[in-house]
Amino acid sequence: AIVSTLTCLARDFKSMVLCRFFLGVTEAPFIPAAFYLLATFYTRKELALRVTLLLCGSVLSTAFAGLIALGFFRMEGIAGLEGWRWMFLIQGLVTFVVAIGSAFTLPNEPRDTRWLTPAQRQLAFERIQRDTVEAGPNTTTVRGLIDAAKDKKLWVFVFMLHAEKVTISFKNFLPTVVKTLGFSQTITLVLTCPPYLVATVVMLCWSMSSGKFNERTWHICVGKIIAIFGFTLAASTMNSGARYFAMMCFVGSINAVDGILFGWIAVTCGQTREKKACSLALANTISTAAMIWSPYLYHDPPRFVTPMATNACLSVVVALCALVMRWMLRRENRKLREMSAEKTLFYAY
């Protein structure tokens with residue numbers, strides 16, 4: 001919040017780059033920490049929906065980002081400030097207020113939640129322990145990092161999530177893609193909203209279905225099939241209606257997969273608190289690195305064949321990785337059954 005607010009003071013390219021760098025440094029821990037906190041409170045059947053609800057906030061902010069930015073730019077000249085300075089100033093101050101409030105309300109774990117009774121705290125802790133396959137005692141952060149790095153399943157997830165993040169990189173260029181439909185700047189900004197509004201509904205329905213049936217693989221595969229259709233259609237036609245429908249398809253389906261995937265990582269690679277935290281951090285860090293190179297795909301308007309084809313291919317990769325993970329977890333479950341005939345808790349896939 002402080003870095004974002006101070007960005008309004010940037011005077012040249014160098015100072016803006018420095019602000020963006022420090023914003024990245026301070027913002028980076030938020031998502032994995034938020035996912036970890038949710039994973040300490042909610043079981044495998046509950047987690048996908050909760051992670052998705054968190055991601056819906058990001059999706060909705062993206063939906064209205066164009067219109068909000070348009071409003072800020074119309075503040076041009078107020079108090080002698082450019083519109084973009086008002087944007088950083090107001091957003092930073094709002095975030096600061098939220099952050100201060102969160103610091104005094106969010107718990108670190110179920111057992112130190114102030115608004116729960118002692119019995120409720122213990123129940124919240126124990127139900128996660130009962131829901132964790134091969135749960136182990138608390139250890140050190142370094143041990144958790146080593147355990148996470150040695151887990152082959154995590155690296156399949158990392159590869160899958162990296163490919164997923166490339167396909168979701170379209171959100172940075174969706175206004176540019178929508179502009180190829182031939183409308184004015186204002187109409188273009190308005191038209192960027194509906195795909196994300198549809199995505200929000202799809203995300204919630206998809207994650208609720210995944211939780212209800214305790215299933216991940218086929219939810220991911222079906223989502224990626226729809227995304228492949230959307231990317232292929234967008235690259236193969238210049239018809240405005242068809243391209244806009246294609247955007248609805250790939251925006252909704254890709255975002256629907258995201259919450260399920262992060263929840264799957266947390267429940268599969270979370271035998272200890274430390275391993276769970278490190279697994280989420282590693283997965284998020286390496287996957288987000290896709291944002292370094294994926295913008296260079298968007299260089300051939302108006303069809304954007306290169307990024308659409310790449311995204312379609314990587315959607316296939318994500319689906320294949322989900323099938324590989326399903327095979328790995330079924331093999332792990334067979335080993336658990338062989339170790340104990342009385343075993344009742346197994347990996348979900």
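Of the residues in the stretch 269-300, how many are touching a Phe, Trp or Tyr at 6+ places or on another chain (Cβ under 9 Å) and among the basic types (K, R)?
Summing the residues that are touching a Phe, Trp or Tyr at 6+ places or on another chain (Cβ under 9 Å) and among the basic types (K, R) in the stretch 269-300 gives 2.
Is there any pair with a first residue in the stretch 170-194 that is within 19 Å of G252 (Cβ to Cβ) and a second that is small (G, A, S) whose Cβ atoms are under 7 Å apart and which are 6 or more apart or on different chains, and what are they?
Sorted first by the residue in the stretch 170-194, then by its partner, the pairs are P175/G66; L181/S240; T192/G66; C193/A63.
So, of the residues in the stretch 106-131 that are surrounded by 11 or more Cβ atoms within 10 Å (Cβ to Cβ), modelled with pLDDT of 90 or more and of a type in the set (S, T, N, Q), which turns out to be farthest from M339 (Cα to Cα)?
So, considering only residues that are surrounded by 11 or more Cβ atoms within 10 Å (Cβ to Cβ), modelled with pLDDT of 90 or more and of a type in the set (S, T, N, Q), the one farthest from M339 (Cα to Cα) is Q120.
For the list (1) in a helix (DSSP H, G or I); (2) more than 24 Å from M325 (Cα to Cα); (3) under 22 Å from the mean Cα position of the chain (by Cα), I need the number of the one condition that N108 fails.
Condition not satisfied by N108: (1).
Filter the stretch 149-192 down to the residues that are of a type in the set (F, W, Y), crowded, with 19+ Cβ neighbours inside 10 Å and in contact with a Pro (Cβ under 9 Å, 6 or more places away or on another chain) and list them by number.
F170
Could you list, ordered by first residue, the pairs with Cβ atoms under 8 Å in which the first is in the stretch 52-63 and under 11 Å from Y196 (Cβ atoms) and the second is of a type in the set (S, T, N, Q) and buried (at least 19 other Cβ atoms within 10 Å of the Cβ), at least 6 apart or interchain?
C56/T200; V59/T200; V59/N255; L60/T200; A63/T192; A63/T200
Scan the stretch 126-141 and give yes if some residue there is among the charged types (D, E, K, R), touching a residue at least 24 places away in the same chain (Cβ under 8 Å), outside any loop (DSSP other than H, G, I, E, B) and touching a Cys at 6+ places or on another chain (Cβ under 9 Å), otherwise no.
We begin by selecting, within the stretch 126-141, every residue among the charged types (D, E, K, R); these are 126-127, 130-131, 134.
Of the ones still in play, those that are also touching a residue at least 24 places away in the same chain (Cβ under 8 Å) are 127, 130-131, 134.
Still in the list and also outside any loop (DSSP other than H, G, I, E, B): 127, 130-131.
Keeping just the survivors that are touching a Cys at 6+ places or on another chain (Cβ under 9 Å) gives none.
Checked against the condition, which is being among the charged types (D, E, K, R), touching a residue at least 24 places away in the same chain (Cβ under 8 Å), outside any loop (DSSP other than H, G, I, E, B) and touching a Cys at 6+ places or on another chain (Cβ under 9 Å), the stretch 126-141 yields no hits at all.
Listed here are the residues, each with its yes/no results for (1) within 27 Å of P175 (Cβ to Cβ); (2) touching a Pro at 6+ places or on another chain (Cβ under 9 Å).
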site: P194; (1), (2): yes, no
site: Y244; (1), (2): yes, yes
site: I254; (1), (2): yes, no
site: G259; (1), (2): yes, no
site: I286; (1), (2): no, no
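Considering each residue of the stretch 103-151, count those that are among the aromatic types (F, W, Y) and within 16 Å of K276 (Cβ to Cβ), and give that number. Quick ask: steps written out before the conclusion?
Within the stretch 103-151, the subset among the aromatic types (F, W, Y) is 104, 115, 125.
Pick out the ones that are also within 16 Å of K276 (Cβ to Cβ) and you get 125.
Total meeting the criteria: 1.
Take the residues in the stretch 71-105 that are aliphatic (A, V, I, L, M) and in a loop (DSSP other than H, G, I, E, B), then tell me which one is surrounded by the most Cβ atoms within 10 Å (Cβ to Cβ). Outline the logic, then answer.
Of the stretch 71-105, the ones aliphatic (A, V, I, L, M) are 75, 78-79, 81, 87, 89-90, 93-94, 97-100, 103.
If we keep only those that are in a loop (DSSP other than H, G, I, E, B) too, we end up with 75, 81.
On the way: M75: 17, L81: 14.
If we take residues in the stretch 71-105 being aliphatic (A, V, I, L, M) and in a loop (DSSP other than H, G, I, E, B), then M75 is surrounded by the most Cβ atoms within 10 Å (Cβ to Cβ).
How about the stretch 10-54: which of its residues are outside any helix (DSSP H, G or I) and among the β-branched types (V, I, T)?
Just the residues of the stretch 10-54 that are outside any helix (DSSP H, G or I), to begin with: 10-12, 28-29, 40-43.
Passing the criteria: T40, T43.
Find the helices (runs of 4 or more DSSP H) located wholly in the stretch 153-255 whose residues include 1 or more that are closer than 23 Å to I292 by Cα and out of contact with any helix residue (DSSP H, G or I) (no Cβ under 7 Å at 6 or more places or on another chain), and list them.
Working: elements: 174-179, 185-191, 193-213, 217-236.
Hits in the stretch 153-255: 174-179.
The values are calculated or read from the model by the stated rules, or taken from the named source; none is laboratory data. Please read these numbers as outputs of a predicted model, since none were measured by experiment. Neighbour counts are summed over all protein chains in view; Cβ atoms, including those assigned to glycine, are modelled from backbone coordinates with ideal geometry.
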